[in-house]
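First up is the structure itself, then whatever we jot down about it.
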Amino acid sequence: ISKNAAAEPPSKLGLKTGQRIAFRYLVRAAAVKSANDAATAIGEAISGTEAAFARRMTRTAKALGMSRTTFKNAHGLTETGHMSTARDMTKLGRHILYDYPEYYHLFSRTTIDAGVRTVPNTNRRLLASYKG
């Protein structure tokens, strides 16, 4: 884990600089807890830097038809130039649902094992109120 990833603001898993953690736990923490440190670590692991990963995400978004989306970071926190639309996020959600169904269950979990601890879903109220 880089110093940059460890320094991300909450919501976070609490990763420390130099820590080693399995990639699957980073994905779980980013998907369920919205862990910003985990999202940044994922980006750095895939593309070398968070900025390079954001550019890759933007290219992928355009390829998926998300014409009004530009990513500037891996976690989605406000940053100049980082933007999307509800329509584009819906397109992304549909691609996740249909192209990667093996991961879709992560988004309905109320808690998940993130390697270093069990973390709660940041959308617990929504999940509790939705029948289905």
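Using Cα-Cα distances under 8 Å and only pairs 6 or more residues apart, what relative contact order does the chain have, in percent? Don't skip to the answer; put the middle values down first.
Numbers: 196 pairs, mean separation 29.0, N = 132.
Averaging sequence separation for qualifying contacts and normalising by length gives 22 percent for the chain.
Please return the longest stretch of the chain lacking exposed loop sites, where trypsin sites (Lys or Arg not before Pro) count only if DSSP places them in a loop and at most 14 other Cβ atoms lie within 10 Å.
That would be 69-116.
Solvent-accessible area per residue for the chain at a 1.4 Å probe radius, Å²?
62 Å²
Applying 1/(1 + (r/R0)^6) with R0 = 25 Å to the Cβ-Cβ distance of T118 and R20, what FRET efficiency is obtained, to the nearest 0.05?
0.85
Treating only the Cβ of Lys, Arg, Asp and Glu as charged (+1, +1, -1, -1), what charge dipole size does the chain show about its Cα centre? Round to the nearest 20 debye.
Using only the charged Cβ atoms, the result is roughly 220 debye.
Determine ³J(HN,Hα), in whole Hz, for all residues of the range 52-60 in sequence, where each value follows from phi through the Karplus function 6.51 cos²θ - 1.76 cosθ + 1.60 and θ = phi - 60°; x replaces Gly and Pro.
Going residue by residue, I get 5, 5, 4, 5, 5, 4, 5, 4, 5 Hz, with x marking Gly and Pro.
Could you tell me what percent of the accessible area of the chain is made up of carbon and sulfur, with a 1.4 Å probe and every protein chain present?
With neighbouring chains kept in place, the figure for the chain is 55 percent.
Tally Lys/Arg at +1 and Asp/Glu at -1 over every other residue whose Cβ is under 10 Å from the Cβ of A61; what's the total?
So the environment of A61 carries a net charge of +4.
Determine, from the Cβ-Cβ distance of Y100 and A7 and an R0 of 30 Å, the FRET efficiency 1/(1 + (r/R0)^6), rounded to the nearest 0.05.
0.50
Which of A74, A61, A30 moves the most in a Gaussian network model of the chain with Cα springs under 10 Å?
In the Gaussian network model the winner is A61.
DSSP loop GluC sites (Glu not before Pro) in the range 28-132 with at most 16 other Cβ atoms within 10 Å of their Cβ, which ones?
Of the GluC sites (Glu not before Pro), the ones in loops of the range 28-132 whose Cβ has at most 16 other Cβ atoms within 10 Å are E79.
Cut-off 10 angstrom, C-alpha nodes, Gaussian network model of the chain. Which of A29, A52, A41 fluctuates the most?
A52
Which cross-chain or sequence-distant (5 or more) residues have an amide H under 5 Å from the amide H of T111, H modelled 1.01 Å from N in plane?
N121
Going 7 Å from the Cα of T85 toward and past its Cβ, which residues in the range 56-76 have a backbone nitrogen under 11 Å from where you end up?
In the range 56-76, the label zone of T85 (backbone N under 11 Å from the point 7 Å along Cα→Cβ) covers 66-69.
Please compute the contact order of the range 75-132 in relative form: average sequence separation of alpha-carbon pairs under 8 Å and at least six residues apart, divided by the residue count, as a percent.
17 percent
Where does the chain land on Rg/Rh, using Cα atoms and the Kirkwood Rh? Intermediate results must be reported in sequence, preceding the final value.
On the way: Rg = 14.7 Å, Rh = 15.4 Å.
Answer for the chain: 0.96.
The values are calculated or read from the model by the stated rules, or taken from the named source; none is laboratory data. Quick caveat: nothing in here was measured; it's all calculated off a predicted structure. Because the Cβ atoms are built from the backbone with ideal geometry, glycine has one as well, and the counts that use them run over all protein chains shown. Side chains included, ligands, DNA and RNA excluded: accessible areas come from the protein's heavy atoms. Shrake-Rupley method; radii C 1.70, N 1.55, O 1.52, S 1.80 Å.
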